[in-house]
């Protein structure tokens, strides 16, 4: 059974030049897809735009139809206390459990700040966070 | 199958070279005495027939270029009287004025002999039915292949080009065993046949393709052989040399250049200096036994390598590799000759990137830089930057080792590179600006 806390993030390959993010955003707007959070990772001449959207399958289709290279990546969203020490709590849970964070980005939502994590052992991470009293976003919000 | 002309084809190399020297010497004396164009050329170059004392002395003779043939339009370079000619072929004038090639009876004879040997080396002979789907007419492909196939006792089906469905019906009904055409036309035939519900592999007797008149690759050979269930052989020639003349043998390891008919050299396209076996350069050909339109050290503009070793088939004549590109497409990066076709060839072997590319050449200070833009393949796209950097480094490494020059690679979005052939879009050279 699918883990209810594993969220499907879409990742989009993008050249590092003006207008590319606009093109991606325009495509999502055209498909009436809402973006909860996104980040841009940049390298030498190119980048990867990562986004949590309300309907990832449709976003995937809209972008690939326009020729974008898109993939799904499993991430988890952890609610953080929006005050000093919030990030430290989450990071130490994972550090103690020897789970490596490949990348992370955060957004400040309506009720809490959310840390989006890409980790090397996702099932482990979910178990550890829940056992230590952490709160995770449910994937059902993103499909 | 035994060679068509074993005495010549299996002649020991030193004997072959003595024969080549004798023929070269006779050719040079004849042209110096009777051909104004060649006498003037030799005088300008300060070379006299007496200076040709060894086979290597061919290098003293001046080169000849396509423009010489165009300037000689229609028959000013010809060395035979008009009433000795039995045929004309005319090459298309897509890159300038057309070129007229005249043939004496002997010229047609050696051309036919060349292809008789070649087709025999592909395992063809009496009992084979050869469908000639090269164009008949001013183009040399159709008639050249036709005469060669008839000479070895094969039955010729002269379909020429076009009306593909009919060609496929005839291929089935007349039990065609070999076809001579362009590789792209054969692929087209395969597709049309499938639409007709015919499998060339299962429903025809076709077992060999003699393919050429356009550049093609090893990958294309594999595809044709696997899909159509035949052996695909590369054929080479140009109208200036007479037409298609040389093919691979059943070993498929290079095209045999009959040494008693042609003296092939590989030279540096920039300096004209001779290059050794295995070194990539421009094919330069002297046709040793041609009467109407003599050809000495003709710079064809095709890039290849020479293999001087004896072939496993037993034929002793030197071989050239597949044509790798055109001199016109050559780039010089930090003094190294680079061909876009090499880039394409390398990229085709890396599944992480597409086969489309763009080369941007620039100059940073005094140093040339070469950037190759490639599209990330679907399977290779990873969300992780580090994975993508590994792809980039891998492509850079592979290009560097095949081109011998440092290359930067830029990963670009799919569909963003020009799809159409043509140097103007595939190569952007900013150094001249």
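Throughout, read-outs are computed from the coordinates displayed, never taken from laboratory work. Model, not experiment: these values are computed from the prediction. Methodologically, a virtual Cβ is constructed for each residue, glycine included, from the backbone with ideal geometry; neighbour enumeration extends over all protein chains shown.
Using a 10 Å cut-off around each Cβ, can you sort B:364, A:143 from fewest to most neighbouring Cβ atoms?
Least to most surrounded, the residues fall as B:364, A:143.
Taking a ≥ b ≥ c as the square roots of the Cα gyration tensor eigenvalues, chain A comes out prolate, since a/c reaches at least 1.5 and a/b is larger than b/c.
Highest mean first, how do B:234-243, A:59-68 rank when packing is the count of other Cβ atoms within 10 Å averaged over residues?
Working: B:234-243: 23.9, A:59-68: 17.5.
The packing order, highest mean first, is B:234-243, A:59-68.
Hull volume per residue, based on the alpha-carbon atoms of the stretch A:7-73 and their convex hull, is 75 Å³. Between the alpha-carbon centres of the stretch A:1-56 and the stretch B:146-161 there is a gap of 61 Å.
In chain A, the longest principal axis of the Cα atoms and the axis of helix A:86-96 are about 70 degrees apart.
Averaging sequence separations of C-alpha pairs under 8 Å and six or more residues apart, then dividing by the length of the stretch A:74-142, give the relative contact order as a whole percent.
Working: 102 pairs, mean separation 29.4, N = 69.
After rounding, I find 43 percent.
Each part reduced to its alpha carbon centroid, the stretch B:315-353 and the stretch B:380-394 end up 26 Å apart.
The ratio of the alpha-carbon radius of gyration of the stretch B:331-429 to the globular-protein estimate 2.2 N^0.38 Å is 1.03.
Pick from B:138, B:371, B:263 the residue whose mean-square fluctuation is largest in a GNM of chain B, springs joining Cα atoms under 10 Å. Among B:138, B:371, B:263, the largest GNM mean-square fluctuation belongs to B:371.
Is the shape of chain B rounded, prolate or oblate, going by the alpha carbon gyration tensor and its root eigenvalues a ≥ b ≥ c, with a/c under 1.5 for rounded and a/b larger than b/c for prolate? Before the final figure, lay out each step's value.
Numbers: a/c = 1.89, a/b = 1.19, b/c = 1.58.
Verdict is oblate for chain B.
Sorted fewest first by neighbouring Cβ atoms within 10 angstrom, B:139, B:246, A:72 come out as A:72, B:139, B:246. Comparing B:205, B:368, B:308 in a Gaussian network model of chain B where C-alpha atoms under 10 Å apart are linked, the largest mean-square fluctuation is found at B:368.
Once divided by 2.2 N^0.38 Å, the Cα radius of gyration of the stretch A:74-142 becomes 1.00.
With contacts taken as Cα pairs under 8 Å and at least 6 residues apart, chain B reaches a relative contact order of 12 percent.
Quick one: grab the alpha carbon gyration tensor of the stretch B:189-317, order the square roots of its eigenvalues as a ≥ b ≥ c, and give me rounded if a/c is under 1.5, else prolate or oblate depending on whether a/b is larger than b/c. In terms of gyration-tensor shape, prolate.
With 42 Å as the cut-off, how large is the P(r) tail for the protein assembly as shown, expressed as percent of Cα-Cα pairs? Each step should come with its number before you reach the end.
Details: 68155 of 165600 pairs.
Value for the protein assembly as shown (Cα pairs over 42 Å): 41 percent.
Of all DSSP beta bridges located in chain B, what percent are antiparallel, nearest 5?
60 percent
Kindly put B:280, B:76 in sequence by how many other C-beta atoms sit within 10 Å of each C-beta, fewest to most.
Details: B:280 18, B:76 12.
In order of increasing Cβ crowding within 10 Å: B:76, B:280.
Note on the stretch A:78-101 and the stretch B:192-268: Cα centroid distance 65 Å, given to the nearest whole angstrom.
With the gyration tensor restricted to C-alpha atoms of the stretch B:2-107, the semi-axes of the equivalent ellipsoid amount to 27, 21, 14 Å, longest first.
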